[in-house]
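Shown next, in structure tokens, is the structure this report addresses.
The values are calculated or read from the model by the stated rules, or taken from the named source; none is laboratory data. Given the structure is predicted, the values throughout are model-derived calculations rather than measurements. Every residue, glycine among them, receives a Cβ derived from its backbone with ideal geometry; neighbour counts consider all protein chains shown.
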Amino acid sequence: MTDEKQLIAGLIAATNENIDAAMVADALETPPDRKLGDLAFPCFKLARTLRKAPPAIAGDILECLNRQPLPSVIAEIRIVGGYLNFFLDRGAVARTVVDNIDRLGDRYGSSDEGEGRTVLVEFSSPNIAKPFHIGHLVSTALGHSIARIYEFLGYNTVRINHLGDWGTQFGKLITAYKLWGDEATVMADPINELLKLYVRFHTEAEQRPELEDEARANFKALESGDPEITALWKLFVDASLKEFNRMYDLLGVNFDSFAGESFYTDKMPEVVEILREKGLLEESEGAQVVRFDDESMPPCIILKSDGTTIYATRDIAAAIYRKRHYDFYKNIYVVGTPQTLHFKQVFGTLKKMGFDCADDCVHVGFGYVRFPDKAMSTRHGDVVLLEDVLNEAVAKTREIIEQSTTSKDVDNVNSVAETVGIGAVIYTFLKNSRERDIIFTWKDILDFEGESGPYVQYAYARGRSVLAKAEEQGIEYADADPALLTSDEEYALIKLLSGLQDAVRDAAVRYEPSIVTRYVTDLAQQFNKFYNTCAIMKAEDDDIRAARLRLTACTATCIKTALRLIGVNVVEKM
């Protein structure tokens, strides 16, 4: 109810010069019981400023408001304890909300607040020469959604895939390839064969520790530009990118930059130079580090004892480059919560170096994917491949659709199964707070009745089916009067529709797509209540029928928009 919130906030602020309208708008809340009104202002917020008890403040504000005619959208104002409760005219609200959705279409809920500001979102960032496993989907889905949300709010959004294409692991892989690799075998199935080599390296190194020294030497040769080593590295990178892009195409994910760690190789000497000039580098057991003794934080390693760089060095170089190249408003890193300390060290080092853009760098952490009976570890080869999960989701969804009594109405079962199956997995990964671990079970993912992707997609398809029937019968509803929609179920749905922009803004501020996921789930549930309670095609008269059809169309628009913001597509029939 963004429009009504702004209106009420302005009215309250006008009663006293010491009341700030923006503060009132932020404080307005929806009462837990609809009998208490549509919006409530907690006057406790003004107690210190106005030096009065909240009920007295509420009385003063109401007295001022009653001295003038109220806008027609406000039906009544009541004092409840220390709250000022506003009851809105249902017909007026319905007309405003439905007209706005019709006017703006799929841009309803968007804004231009980010105009002229650039937000960078670094996400996915898989390691080269390792398979794209289910754990990668958390960062991929989360970052993709955050980017879409910021874009929806008018920001120039740049999607960055900071590939893990540099580091000691390549020394290990090159060592393994030289010892046990066969070019023909590797090229026939690059990712799987490279994973086998990587796993074998760690198995052999447990018995032959000298292999670790050889790996470090090979990485140092890579950093020095050795032609043979570089050619092998490029082979691994090209093969991996081909595999990754296949997964991104399935997920509908795209990037503006694939600048990985290797991109910053020639930019790291400047980092070291600045740190030395400022006297920030200290030796520690042969390594060069930046200390944070005053902040009770372990030192940030910049150069290892053998003189090679570490990923912190590359992240510092990347942040400096991004500020110079993009002049970002925010630089968001969607990386697992275990890397929290790493990013504190990186941002802290940037600040010590004199780069204030450190304050605009944000680490967005997330939890693990857990299976009731399986753990994941790339080093030991126990990985659940994302492609296998997506294929199984599609297959299971196809089976459910084919067993459904309505499947005869679905034109392309394979296409629908792919959209619903993949959407179900993405929805599950964005359903709860990002810092919570995801417990992966097919029962929850493909539950067509519960809080799931298929449930929300079905609500959309149900709405579209009703509209298709109306079109077949030549029923016009574009000019229907929304003010007729005043029943409890109709009004509850309209109030939810009005809250899309608030949900999107809240999700952006908190870097939390689950807020949009929760919103669209609530919207689907309320639409189903409306559908089952209020006759649409068999309404009591033609005007009510047309108004309910128009509301159905608006609901379908908002479900589709919200699902798109979390990276889930819709289907017209299920």
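Go through the range 1-104 and tell me which strands (runs of 3 or more DSSP E), entirely inside it, have 1 or more residues that are within 31 Å of the chain's Cα centre (by Cα).
Those strands (runs of 3 or more DSSP E) span 39-42.
With respect to A508, determine if the residue is part of a helix (DSSP H, G or I), within 17 Å of G109 (Cβ to Cβ) and among the small types (G, A, S). Show your work before the answer.
Values: part of a helix (DSSP H, G or I): yes; within 17 Å of G109 (Cβ to Cβ): yes; among the small types (G, A, S): yes.
Yes: the conditions hold for A508.
Does the range 566-573 include one or more residues that are of a type in the set (K, R) and not assigned by TED's automatic domain parsing to the domain that holds S452?
Within the range 566-573 (the criterion being of a type in the set (K, R) and not assigned by TED's automatic domain parsing to the domain that holds S452), the answer is yes, since at least one residue qualifies.
Pick from T378, T428: which is modelled with pLDDT under 90 and not charged (D, E, K, R)?
Numbers: T428 fails: modelled with pLDDT under 90.
Going through T378, T428 in turn, just one is modelled with pLDDT under 90 and not charged (D, E, K, R): T378.
Name the single residue, out of those in the range 81-122 being touching a Phe, Trp or Tyr at 6+ places or on another chain (Cβ under 8 Å) and hydrophobic (A, V, I, L, M, F, W, C), that is surrounded by the most Cβ atoms within 10 Å (Cβ to Cβ).
Ranking the candidates gives V121 first.
In contact with a helix residue (DSSP H, G or I) (Cβ under 9 Å, 6 or more places away or on another chain), aromatic (F, W, Y) and on the phi > 0 side of the Ramachandran plot, is that true of Y491?
Judged against the criteria, Y491 is not a match.
Look through the range 519-570, keep the residues that are more than 25 Å from R107 (Cα to Cα) and among the polar types (S, T, N, Q), and return whichever of them is surrounded by the most Cβ atoms within 10 Å (Cβ to Cβ).
Ranking the qualifying residues of the range 519-570, first place goes to T533.
Within the set of pairs 6 or more residues apart or between chains, which connect a residue that is at pLDDT below 95 inside the range 554-574 to a residue that is charged (D, E, K, R) with Cβ atoms less than 6 Å apart?
Qualifying pairs under 6 Å: E572/R464; K573/D409.
Would you mind telling me which numbered condition in (1) part of a loop (DSSP other than H, G, I, E, B); (2) crowded, with 20+ Cβ neighbours inside 10 Å A259 fails?
Against the list (1) part of a loop (DSSP other than H, G, I, E, B); (2) crowded, with 20+ Cβ neighbours inside 10 Å, A259 comes up short only on (2).
If we scan the range 301-319, do we find a residue that is of a type in the set (D, E, K, R), without any contact (Cβ under 8 Å) to a residue 60 or more places away in the chain, assigned to a loop (DSSP other than H, G, I, E, B) and surrounded by fewer than 23 Cβ atoms within 10 Å (Cβ to Cβ)?
Taking the range 301-319 as the starting set, the residues that turn out to be of a type in the set (D, E, K, R) are 304, 306, 314-315.
Checking which are without any contact (Cβ under 8 Å) to a residue 60 or more places away in the chain leaves us with 304, 315.
Now drop any that are not assigned to a loop (DSSP other than H, G, I, E, B), which leaves 304.
From what is left, the residues that are surrounded by fewer than 23 Cβ atoms within 10 Å (Cβ to Cβ) are 304.
Yes, the range 301-319 contains at least one residue that is of a type in the set (D, E, K, R), without any contact (Cβ under 8 Å) to a residue 60 or more places away in the chain, assigned to a loop (DSSP other than H, G, I, E, B) and surrounded by fewer than 23 Cβ atoms within 10 Å (Cβ to Cβ).
If G91 meets every condition in (1) closer than 30 Å to R324 by Cα; (2) touching a Ser or Thr at 6+ places or on another chain (Cβ under 9 Å) apart from one, which number is that one?
(1)
Each row is one residue, and each column tells you yes or no for (1) surrounded by fewer than 17 Cβ atoms within 10 Å (Cβ to Cβ); (2) small (G, A, S); (3) in contact with a Ser or Thr (Cβ under 6 Å, 6 or more places away or on another chain); (4) part of a helix (DSSP H, G or I).
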| position | (1), (2), (3), (4) |
| --- | --- |
| A231 | yes, yes, no, yes |
| K234 | yes, no, no, yes |
| D238 | yes, no, no, yes |
| F244 | no, no, no, yes |
